[in-house]
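Undergrad: Right, I'll just put the structure down here and ask away after.
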Amino acid sequence: MKKIIIIACILIGFKSNAQDTAKVEQYCEVVATPRLLSNRVTIDVDYGEVRSLWKDNRLKDESGKLVKFNTLVDALNYMGRNGWKLVNAFPAYSSANSAPVYHYVFRKEFLKSETSE
């Protein structure tokens, strides 16, 4: 009887470990929009969440402080330091005479238990 209980505990342990290590890919998009009459850009990071006009959607760090970027490269380096890998980059034009808006798509693996799925 003891052997059956020990084997059952071991199998339950393996099953719970297998669920904890399941990974899922998540994507985000960094959009760099040129500012009017300036060499600087506005950086927006879209994680695919629902956004509200009444809520502050700006990017914050783990301590809740607002994250500010000096340049586009600063934003891209921030994403790399946080484990995001660049998948694709492309410009988009809203009209023929406008400056391009640059889009950068990133990918990162998370444990399934860390996501809201």
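The values are calculated or read from the model by the stated rules, or taken from the named source; none is laboratory data. Worth saying up front: this structure is predicted, and the values here are computed from it rather than measured. Heads up, the Cβs are rebuilt from the backbone with ideal geometry, glycines too, and the neighbour counts pull from every protein chain shown.
Undergrad: So T71 fits all but one of (1) modelled with pLDDT under 80; (2) hydroxyl-bearing (S, T, Y); (3) more than 26 Å from S113 (Cα to Cα); what number is the exception?
TA: T71 satisfies every listed condition except (1).
Undergrad: List every residue pair whose Cβ atoms sit under 9 Å apart, with the two residues 6 or more apart in sequence or on different chains, where the first one lies in segment 103-117 and is closer than 28 Å to T42 by Cβ and the second, anywhere, is part of a strand (DSSP E or B) and basic (K, R).
TA: Every condition considered, the pairs that remain are F106/K85; R107/K85; K108/K85; F110/K23.
Undergrad: Sort out which residues of segment 60-117 are part of a loop (DSSP other than H, G, I, E, B) and under 15 Å from E29 (Cα atoms), and write them in order of number.
TA: So in segment 60-117, the residues part of a loop (DSSP other than H, G, I, E, B) come out as 61-65, 67-71, 82-84, 93-100, 115-117.
Across segment 60-117, the qualifying residues are N82, G83, W84.
Undergrad: Let me confirm something: among V45, V101, V30, which residue is surrounded by 10 or more Cβ atoms within 10 Å (Cβ to Cβ), in contact with a Ser or Thr (Cβ under 8 Å, 6 or more places away or on another chain) and either at pLDDT 85 or above or of a type in the set (A, V, I, L, M, F, W, C) (or both)?
TA: Values: V45 fails: in contact with a Ser or Thr (Cβ under 8 Å, 6 or more places away or on another chain); V30 fails: in contact with a Ser or Thr (Cβ under 8 Å, 6 or more places away or on another chain).
Exactly one of V45, V101, V30 is surrounded by 10 or more Cβ atoms within 10 Å (Cβ to Cβ), in contact with a Ser or Thr (Cβ under 8 Å, 6 or more places away or on another chain) and either at pLDDT 85 or above or of a type in the set (A, V, I, L, M, F, W, C) (or both), namely V101.
Undergrad: For segment 23-39, which positions are assigned to a loop (DSSP other than H, G, I, E, B) and on the phi < 0 side of the Ramachandran plot? Even if it seems obvious, please write down each step before you answer.
TA: Going through segment 23-39, the residues assigned to a loop (DSSP other than H, G, I, E, B) turn out to be 35-39.
Listed by number, the residues that qualify are R35, L36, S38, N39.
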